Structures are given as structure tokens and as C-alpha cells.
Amino acid sequence: MHSLQQLKSQLLSYHAGILGEKYVKKSAVFIPLVEKDDGVHVLFEVRAHTLKQQPGEICFPGGRIDPEDASPEEAAIRETSEELGIPSSVIAPITSLDVLVTPFRGIIYPVIGSIPHKNDYPLNQAEVDHVFTVPIDHFISHPPEQYRINVHFEPGAGFPIERIANQSAYQKSTRQITESFYYYQSYVIWGLTAKILRHVITILKPS
């Protein structure tokens, strides 16, 4: 039998994290700021059309955090260097942003920073089709359009639905998720990239 003092000792020695994080995919992304003659731009990648996941979609540089990465920031810098073909030494992180916990894509750690402006980045063509930049002022003055997407939940085979109170609330239930859409020229920025971008603009936009 445990005493309250023993339980207190165990609890006080525990360091809180994110529940279940060791079982899910962890990724890091880098939001690259590029200074040009007309102001600061945000750089985006268009994923290679040959990729199995999200081909042709718009994203920030980034990817899975490897065991060898000392931190999410290090992973974000490594991935940015590999994808854009620039040395990690010229990638200058500024700060980490809010961690994004997703239901289907694991945990994403965004890092924002700057990279030098180049007219032609030596891209990793296996992962990146091309890049483009958008003045950050465009996003500040053009808020995103927002739409709802329905996500349907249905108990799997063998799920003990009969043991749950208020069963009808969990049988083929539907939840709504709000998705943001940013537009620039012919580009459509949405999904997790738009969610992170909106977070950035919320921080930077004058109140």
C-alpha cells in the first residue's frame, strides 16, 4: 500500500510532456523568412509530383525528427538544408512557435527564422518541385477564407459500444474542423501549412 507521501514524491519527480507523444510521429517544420527589396517574404515549397504523400501540395520545409537530431530546431534546420540545397550555417532560426498536435499527422514543432535570398535555390528535386515567396504583408492584409470539413467517426469491429453510456453520440458521429485557405496568384495554401501560417500572422499582425 502506498502512502500519500510516497505518491507525492513520485508525482513531483515527473516532468510533464505531451500525453502519448512517444508513440506518434514527430516532425519539425521551418518557416523561412527572406528579405527582399520590397520587404520580408515567406518562402514556400511545392512538393514534388512524384511523392507518394501530398504530391504537388504547398508546404514549409521540414520532416520527421530523427533520433540523431538534438532538438526539433536542429531537425527543422537539417530538413531545410537538405530540401533547399543550402548550408545549415546560413539558416538562422529566430524562435520556436506553438507546438501543433494533430489527430492524423502526429506532433509538429514549427520553427521560424531567416534564410538568404537566392534567385535559384539548388533544390532537392526528389522532394521539391519548386519554391515561391509571398510578401508577409500580403497575409497580414488578406485574411484567409475559412471553411468547415466534416470528419466522420465510426466504431471499428469489436468496439464495445454497448458498454458506453450515451451510445448514440458515438455511433457514426461527425465532427467539424475549420480549415483556412490563403490565396496568392495561382497558389492555394491550406491545411496544416495554413494553420501554422495563420499562427505566425496572428503573432505579427498589429492589434
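Report yes if some residue within region 157-174 is of a type outside the set (Val, Ile, Thr), at negative phi and touching a strand residue (DSSP E or B) at 6+ places or on another chain (Cβ under 6 Å); otherwise report no. Yes, the conditions are met somewhere in region 157-174.
The conditions of being among the aromatic types (Phe, Trp, Tyr) and more than 15 Å from PHE60 (Cα to Cα) are not met by PHE132. Within region 61-70, the set of residues being open to solvent by 50 Å² or more (accessible area, probe 1.4 Å) and either closer than 12 Å to LYS26 by Cα or of a type in the set (A, V, I, L, M, F, W, C) (or both) comprises ARG64, ASP66, PRO67, ALA70. Of the residues making up region 71-92, those that are within 16 Å of VAL34 (Cβ to Cβ) and either of a type in the set (Lys, Arg) or open to solvent by 50 Å² or more (accessible area, probe 1.4 Å) (or both) are PRO87, VAL90. Considering only region 162-207, how many residues are open to solvent by less than 80 Å² (accessible area, probe 1.4 Å) and part of a strand (DSSP E or B)? Counting residues in region 162-207 that are open to solvent by less than 80 Å² (accessible area, probe 1.4 Å) and part of a strand (DSSP E or B) gives 12.
Scanning region 57-78 for residues being assigned to a loop (DSSP other than H, G, I, E, B) and either basic (Lys, Arg) or at pLDDT below 95 (or both) gives a total of 1. Annotation note: Cβ proximity below 7 Å between a residue of region 184-197 that is closer than 16 Å to HIS130 by Cα and a residue that is in a helix (DSSP H, G or I) (sequence gap 6+ or interchain) occurs for TYR184/HIS138; ILE189/LEU197. Every listed requirement among (1) assigned to a helix (DSSP H, G or I); (2) within 21 Å of GLY191 (Cβ to Cβ) is met by SER81 save one, (2).
The condition of being in a strand (DSSP E or B) and out of contact with any helix residue (DSSP H, G or I) (no Cβ under 8 Å at 6 or more places or on another chain) holds for only one of GLU35, GLU45, that being GLU35. Within region 36-60, restricting attention to residues that are under 14 Å from the mean Cα position of the chain (by Cα) and charged (D, E, K, R), the residue that is surrounded by the most Cβ atoms within 10 Å (Cβ to Cβ) is GLU45. Screening VAL24 on (1) under 21 Å from the mean Cα position of the chain (by Cα); (2) surrounded by fewer than 12 Cβ atoms within 10 Å (Cβ to Cβ); (3) more than 18 Å from TYR187 (Cβ to Cβ) shows it passes everything except condition (2).
LEU123 fulfils the conditions (1) of a type outside the set (Val, Ile, Thr); (2) in contact with a helix residue (DSSP H, G or I) (Cβ under 8 Å, 6 or more places away or on another chain); (3) open to solvent by 50 Å² or more (accessible area, probe 1.4 Å) except for a single criterion, (3).
The condition of being at pLDDT 95 or above, open to solvent by 30 Å² or more (accessible area, probe 1.4 Å) and within 12 Å of the chain's Cα centre (by Cα) holds for ASP98. Here the condition is being under 19 Å from GLY62 (Cα atoms) and in contact with a Pro (Cβ under 6 Å, 6 or more places away or on another chain); of TYR109, TYR121, it holds for TYR109 alone. Residues in region 130-166 that are among the acidic types (Asp, Glu) and within 18 Å of ILE31 (Cα to Cα): ASP137 alone.
The values are calculated or read from the model by the stated rules, or taken from the named source; none is laboratory data. None of the values given here were measured: they were computed from a predicted structure. Positions of Cβ are generated from backbone atoms using ideal geometry, with glycine treated the same way; all protein chains shown enter the neighbour counts. In case anyone asks, the SASA skips ligands and DNA or RNA and just uses the protein heavy atoms, side chains included. Shrake-Rupley method; radii C 1.70, N 1.55, O 1.52, S 1.80 Å.
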